[in-house]
Amino acid sequence: MSAISLDQLRAAVRNIPDFPQSGIQFKDITPVLGDAVLFSALIDHVAAPYRPGDVDVVVGIDARGFILAAATAYRLQAAFAPVRKKGKLPYQTLEQSYDLEYGSNTVAMHADAIRTGQRILLVDDLLATGGTAGASASLIERLGGRIIEAVFFIELAFLNGRSKLQGFPVRTLVAF
């Protein structure tokens, strides 16, 4: 386990007021990513419960989730698979739509990204309302994957995103 605590990682997250729109307090993880010691510690914490062989595929959610998931997959000697926004993947895809506050969105995965029964670790940087994570979990299940855990660096607990992941183990490293 890393000598860097979760409190130290939390303290390195930069708050950007009114981004991308007024009233939003954006949680910027680039200070963590830009510091080799902090970034390595973050991946240590994400991967901590697992050893190589425990996870078959680490699935990362577009876009910052790719960074954390790919590094975690490397650490765990597992495959990596992306969940992307609709229209961004070049091969056959499965898609899952979900509702937003005003409208809807759709995410996609390659149809061959996961094989039936594979053990999946779902990773993203942020759990907010849970719409994207919930849609990603649905895609993984439709492809036959078995989610062993959904892990997030940051949770905005007041938005209750966990409610969209009922039935799945959820772990967050820091909460705001």
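Give the range 110-122 a look and list any residue that's free of Cβ contacts under 8 Å to residues at least 40 places away in the same chain and closer than 19 Å to Ala63 by Cβ, or say none.
Within the range 110-122, just His110 meets the criteria.
Would you mind stating whether Ala73 is surrounded by 14 or more Cβ atoms within 10 Å (Cβ to Cβ) and more than 30 Å from Gln8 (Cβ to Cβ)?
no
Report yes if Gln118 is of a type in the set (S, T, N, Q), more than 15 Å from the chain's Cα centre (by Cα) and loosely packed, with under 14 Cβ neighbours inside 10 Å, otherwise no.
Details: of a type in the set (S, T, N, Q): yes; more than 15 Å from the chain's Cα centre (by Cα): yes; loosely packed, with under 14 Cβ neighbours inside 10 Å: no.
Considered against the rule, which asks whether it is of a type in the set (S, T, N, Q), more than 15 Å from the chain's Cα centre (by Cα) and loosely packed, with under 14 Cβ neighbours inside 10 Å, Gln118 comes out as no.
Which of (1) part of a strand (DSSP E or B); (2) crowded, with 20+ Cβ neighbours inside 10 Å does Phe80 not meet, given it meets every other one?
(2)
Tell me the strands (runs of 3 or more DSSP E) entirely within the range 92-176 that contain at least 2 residues that are in contact with a Phe, Trp or Tyr (Cβ under 6 Å, 6 or more places away or on another chain), among the aliphatic types (A, V, I, L, M) and under 16 Å from Val55 (Cβ atoms).
146-155
Quick check, is Asp125 among the acidic types (Asp, Glu) and either touching a residue at least 60 places away in the same chain (Cβ under 8 Å) or crowded, with 22+ Cβ neighbours inside 10 Å (or both)?
yes
Could you list, ordered by first residue, the pairs with Cβ atoms under 6 Å in which the first is in the range 1-22 and farther than 19 Å from Pro49 by Cβ and the second is in a helix (DSSP H, G or I) and of a type outside the set (Asp, Glu), at least 6 apart or interchain?
From residues that are farther than 19 Å from Pro49 by Cβ, the pairs are Ala12/Pro31; Ala12/Val32; Ala12/Leu38; Arg14/Pro31.
All but one of (1) in contact (Cβ under 8 Å) with a residue 24 or more places away in the chain; (2) surrounded by 14 or more Cβ atoms within 10 Å (Cβ to Cβ); (3) over 22 Å from Lys164 (Cβ atoms) hold for Arg64, so report the exception by its number.
Going through (1) in contact (Cβ under 8 Å) with a residue 24 or more places away in the chain; (2) surrounded by 14 or more Cβ atoms within 10 Å (Cβ to Cβ); (3) over 22 Å from Lys164 (Cβ atoms) one by one, Arg64 breaks only (3).
Name the pairs whose Cβ atoms lie under 8 Å apart, with the first residue in the range 145-169 and surrounded by 20 or more Cβ atoms within 10 Å (Cβ to Cβ), the second acidic (Asp, Glu) and in a loop (DSSP other than H, G, I, E, B), and 6 or more positions between them or separate chains?
Filtered contacts from the range 145-169: no entries.
Each value in this text was obtained by applying a stated rule to the coordinates, not by laboratory testing. Remember, it's a predicted structure, so these values are computed and weren't measured experimentally. Glycine gets a Cβ as well: all are built from the backbone with ideal geometry, and neighbour counts include every protein chain shown.
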